[in-house]
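So the structure is just underneath, and the comments pick up after that.
The values are calculated or read from the model by the stated rules, or taken from the named source; none is laboratory data. Note that the structure is a prediction, hence the values are computed from the model and not measured. Virtual Cβ from ideal backbone geometry, glycine too; neighbours counted across all protein chains shown. These area figures cover heavy atoms from the full protein model, side chains too; ligands, DNA and RNA do not enter into them. Shrake-Rupley method; radii C 1.70, N 1.55, O 1.52, S 1.80 Å.
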Amino acid sequence: MVSSVMNRSRNDFRILKAQDDLMIGGYASIEIVDKQNDLITLKALNEAVKKYMENPKFRNVMTNHSNVQVGEVVKSYRDKTGRLWKTEVDDVGFFVVIKLRDDIEKAKEINRGIRKGSLRSFSIGGQALEKVKKNHQELGDYNAISKLELHEVTICEKGINPEARFDILKQE
């Protein structure tokens, strides 16, 4: 799949500000073997993300898998330069655009953590519906997840997928 957002890299993360709303974007999951020896295929991510995005009420963004909703995944956001950022699965992984809440103290705390740099990763929460144990000469033993149900994106200090991290490249 060709991404509609050009020049993304695995470390691409942006804070996008719209009036008082804090918008962030980056990869929540990438097709690599993670710290739990799981590899979620791009096909599994694509199918899970399509279902996850169907109902706006359930596009949860949490903090540290805590069941405290601090934001929502949005379909897209156009920044003040005109660049369009889209939530999608591209040839790298699951890129998300997130609107953070500003009406509860926990969300304000997360906002401050992002701005200070102490929160640098995304993680995803869900359930593996189909997985197969595999062995690869370079990757070793791992579980290939070919079907996934996605429940949430979470903002955390260090995620299970080491490439689902972000740096602040621009702050308005």
Provide the net charge surrounding GLU54, with neighbours chosen by a C-beta distance below 13 Å and charges set as Lys +1, Arg +1, Asp -1, Glu -1. +3
Everything considered on the Cα gyration tensor (a ≥ b ≥ c; rounded for a/c under 1.5, else prolate if a/b is larger than b/c, else oblate), the stretch 37-172 must be described as prolate
Convert each backbone phi in the stretch 46-63 into a coupling constant with the Karplus relation 6.51 cos²θ - 1.76 cosθ + 1.60 (shift: θ = phi - 60°), then list the ³J(HN,Hα) values in order as whole Hz, x for Gly and Pro. 4, 5, 5, 5, 4, 5, 4, 7, 4, 10, x, 5, 10, 8, 6, 10, 10, 10
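Within the accessible area of the stretch 12-150, what % is carbon and sulfur when the probe is 1.4 Å and the other protein chains stay in place?
44
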Among 26-35, 60-69, 124-133, 84-93, how do they line up from the highest to the lowest mean number of other beta-carbon atoms within 10 Å? 26-35, 84-93, 60-69, 124-133
